[in-house]
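Asker: Before I ask anything, here is the structure I am working with.
Read-outs throughout are calculated quantities, based only on the coordinates presented, and are distinct from any laboratory measurement. As the structure is a prediction and not an experimental result, all values here were calculated from the model. Quick reminder, even Gly has a Cβ in these numbers, built from the backbone with ideal geometry, and neighbours come from all protein chains shown.
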Amino acid sequence: MKKTIDRRIALKMLASSGLLLGGCGRLDSTSTATALLKGSDALGFDLQRLLLSSRPLVREFAKSQISEKFPTNGTTLPKGEHYQQLVADNFSNWKLKVDGLVENKLALSLNDIRSLPQRTQITMHNCDEGWGAIGQWSGPQLSTILAMAVPKASSRYVVFHCLDTMEANGIPYYESIDLIDAVHPQTILAHRMHDQSLPVPHGAPLRLRVELQIGYKNAKYVDRIELTDRLDHLGGGKGGWWEDFDNAPWYAGQ
Amino acid sequence: MATTETPLRLYRHTRFVRLWHWTTAVAIVIAILSGLLILNVHPRLYLGEVGNEHTAAWIELKKVSPPGAPMKTELKIGSMVIDTSGYLGADLAVGEATYFTIFPPPEDLEFGGTRKWHFLAGWMLALTWLAYVAGLLSSSRLRRKILPEAKELRPANLAGDLMRHLTFKRASGESARHYNTLQKITYSAVIVVLIPLVILSGLTMSHTVTALFPELFTLFGGRQSARTIHFLSMTIVVAFIAVHLVQAVIAGFWPLLKSMLTGYMTPGQEKK
């Protein structure tokens, strides 16, 4: 009796491994696989939150270690007249909007942002494609701006709405992080890179640097910051453009 | 006379070991497939901390033909160059950008989702490895069955074992009950060195893990070195699986497969 059950379990496992060879795509569409992936994603998030409970900082580098050339990825020049006009005006007519579940809605010009306490950090940017580069970023900590806006007690997430429309589906880029990563000391809104104004290919006028997470979370061309209690109303409901478009993990510290 | 003897029936693998073996097997298949799909979009491996399109790679698949011309590709490993035209290399258009990949990925592939599969495989591999090692340590199995004994490591024994392998001599009777010395050395290396190496080099690519344990960068000589070692350890895993399967076929595939499924094995009779 015992033997039969063992064999059945083992054969089942063998069969599932065979199914896999037939292609990840097909298996992914089954509900068991989706549940498994969700489970491991949730387990990964919980473990990372546990590991980060002592609030460690990521490494910072010396100026001499900055990469000579820093690759650009995703949008490198947002399309449309609106952005062209902003560039032509040197972003003097642009304002960062902060709204959603906040006590004080904000509209901050680049000068307002420059007048806040600044943080400069030299960190390694890593893309989920596998490459990395070291760069220097300067700007106010996101926590400073959030403190000015005073998040309501019900707020949980910070959503970044961006100026660049993505080629693949014509939807403007968006990303989100939770308040824990939002108030991390190395989470800044960079308006400077390598001691110069943030260049257009790297997200002018303002980009997020969330150093605990990888490439696609570091939204470029940030235009509006929204505090919210849920992410399911946003885009496809998974919390970010890549998350919705090709099922990228929402928490990307792994 | 032999026909009247009851065939020897050995209980070789406990349920725990069988479950570990197959979970690990499935995890490794998922890890390799998803890992290759990830490497596919950036087929360049570097040494040190930083590596990207503007820096030199240590191992790289390179397109050497101009745009529009028939594709010519080269695999560069250090200073060695292998012509891979016609075998490896494909242009992949994503929006405005063109990626140079090793092979055209499945059309409905979700790249971000591929990483979820890779992390699922990581969990399966790491958790079952922990359970297996805990099981080994809490029983005498590690010393009794896996680690080679000092006397087995004597050159004469190793040479004899090697000869038996090279002459494809099957284990029979009582000797089929135990792992032979080369088997013990290989299994020890896989469990104690290879699997931890795969897991640790993978974790070195995590911002979360390295924020807490930056020593991992020192251990592997930088993040990109860790990525390269992660890939190289995968190729050793593939080599191990290939030899493992070939050995199983030589030693009698079906009885071995049966023993890893049911626990029991009926080896051939010992020659008198």
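Asker: For the protein assembly as shown, build the charge dipole from Cβ charges (+1 Lys, Arg; -1 Asp, Glu) around the Cα centre, then report which of A:Gly135, B:Val243, B:Pro67 sits farthest towards its positive end.
Answerer: Working it through, the farthest residue towards the positive pole turns out to be B:Val243.
Asker: Once phi is turned into ³J(HN,Hα) by the Karplus curve 6.51 cos²θ - 1.76 cosθ + 1.60 with θ = phi - 60°, what whole-Hz value does each residue of the range A:32-37 show in order, with x for glycine and proline?
Answerer: Working through the residues one at a time gives 4, 5, 4, 5, 4, 5 Hz.
Asker: Once a ≥ b ≥ c are taken as the square roots of the eigenvalues of the Cα gyration tensor of the range A:193-254, is the result rounded (a/c under 1.5), prolate (a/b larger than b/c) or oblate (a/b not larger than b/c)?
Answerer: prolate
Asker: Give the long-range amide H neighbours of A:Arg192: residues separated by 5 or more places, or on another chain, with amide H under 5 Å away, using H modelled in the peptide plane at 1.01 Å from N.
Answerer: Here the answer is A:Ser138, A:Leu198, since their amide H atoms fall under 5 Å of that of A:Arg192.
Asker: Oh, and also: When the convex hull of the Cα atoms of the range A:29-107 is projected onto a plane and the area is averaged over all directions, what value comes out in nm²?
Answerer: The directionally averaged projection comes out at 11.6 nm².
Asker: Let me ask something additional. So for A:Ser176, B:Ser79, A:Ser143, fewest C-beta neighbours within 10 Å to most, what's the order?
Answerer: Numbers: A:Ser176 24, B:Ser79 5, A:Ser143 15.
Ascending Cβ contact count within 10 Å gives the list B:Ser79, A:Ser143, A:Ser176.
Asker: Can you tell me what percent of all Cα-Cα pairs in the range B:1-125 are more than 24 Å apart?
Answerer: Counting pairs separated by more than 24 Å, the tail of P(r) holds 50 percent.
Asker: Follow-up question, since we're still on this one. Please turn the phi angles of the range B:16-31 into ³J(HN,Hα) values with the Karplus equation 6.51 cos²θ - 1.76 cosθ + 1.60 (θ = phi - 60°), one per residue in order, whole Hz, x for glycine and proline.
Answerer: So the Karplus estimates, Gly and Pro as x, are 4, 5, 5, 4, 4, 4, 6, 5, 4, 4, 5, 4, 5, 4, 4, 4 Hz.
Asker: Given that compact globular proteins tend to follow 2.2 N^0.38 Å, what is the ratio of the alpha-carbon Rg of the range B:94-154 to that value?
Answerer: Ratio of Cα Rg to 2.2 N^0.38 Å: 2.04.
Asker: Residues with amide H under 5 Å of A:Leu116's amide H, sequence separation 5 or more or different chain, H placed in the peptide plane at 1.01 Å from N; which?
Answerer: Correct list: empty.
Asker: Positive end of the charge dipole of chain B (Lys, Arg +1 and Asp, Glu -1 on Cβ, about the Cα centre): tell me which of B:Leu256, B:Thr24, B:Leu37 has its Cα farthest that way.
Answerer: So the residue we want is B:Leu256.
Asker: Whole Å is fine, so just give me how far the alpha carbon centre of the range A:38-109 lies from that of the range B:139-153.
Answerer: 54 Å
Asker: Give me D for the protein assembly as shown in µm² s⁻¹, whole number, from Stokes-Einstein with Rh from the Kirkwood sum over alpha-carbon pairs, 10 °C and 1.306 mPa s.
Answerer: Estimated diffusion coefficient is 61 µm²/s.
Asker: Could you please rank B:His178, A:His184, placing first whichever residue has the fewest other Cβ atoms within 10 Å of its Cβ?
Answerer: Arranged by neighbour count, lowest to highest, B:His178, A:His184 become B:His178, A:His184.
Asker: Out of residues 5 or more away from B:Gly51 or on other chains, whose amide H comes under 5 Å of its own, with H placed 1.01 Å from N in the peptide plane?
Answerer: Amide H neighbours of B:Gly51, under 5 Å, 5+ apart: A:Gly132.
Asker: Then there is this: Can you give the mean number of other chain Cβ atoms that lie within 10 Å of the Cβ atoms in peptide A:37-43?
Answerer: Per residue, the average neighbour count from other chains is 4.
Asker: Give me A:Thr34, B:Thr181 sorted ascending by neighbouring Cβ count inside 10 Å, so fewest comes first.
Answerer: On the way: A:Thr34 14, B:Thr181 21.
Going from sparsest to densest Cβ surroundings: A:Thr34, B:Thr181.
Asker: Tell me what chain A gives for mean residue ellipticity at 222 nm when only DSSP H runs of n ≥ 4 count, each as -39,500 (n - 2.57), the sum divided by the residue total, rounded to 500 deg cm²/dmol.
Answerer: -9000 deg cm²/dmol
Asker: Only helical DSSP H runs with n ≥ 4 go in: add -39500 (n - 2.57) per run for chain B, normalise by residue count and round the 222 nm mean residue ellipticity to 500 deg cm²/dmol.
Answerer: Rounded to the nearest 500, it is -17000 deg cm²/dmol.
Asker: Could you derive backbone 3J(HN,Hα) for the range A:39-50 from the dihedral phi with the Karplus parameters 6.51, -1.76 and 1.60 (θ = phi - 60°), listing whole Hz in sequence and x where the residue is Gly or Pro?
Answerer: Residue by residue, the range A:39-50 yields x, 6, 5, 5, 4, x, 5, 4, 5, 5, 4, 5 Hz.
Asker: Further, regarding this structure: For chain A, just run the numbers: alpha carbon Rg, then divide by 2.2 N^0.38 Å, N being how many residues it has.
Answerer: 1.16
Asker: OK, next. Across 5 Å bins from the origin, how do the percents of Cα pairs in the range A:149-209 run, short distances first?
Answerer: Cα pair-distance distribution for the range A:149-209, in percent: 4, 15, 21, 21, 19, 13, 6, 1.
Asker: Could you estimate the translational diffusion coefficient of the range B:129-204 from the Stokes-Einstein equation, with Rh from the Kirkwood formula over C-alpha pairs, at 10 °C and 1.306 mPa s, in whole µm²/s?
Answerer: This corresponds to a translational diffusion coefficient of 114 µm²/s.
Asker: How are the C-alpha pair distances of chain B spread across 5 Å bins, as whole percents from the shortest bin up?
Answerer: Here the calculated profile for chain B is 1, 5, 9, 13, 14, 14, 12, 10, 9, 6, 4, 2, 1, 0, 0, 0.
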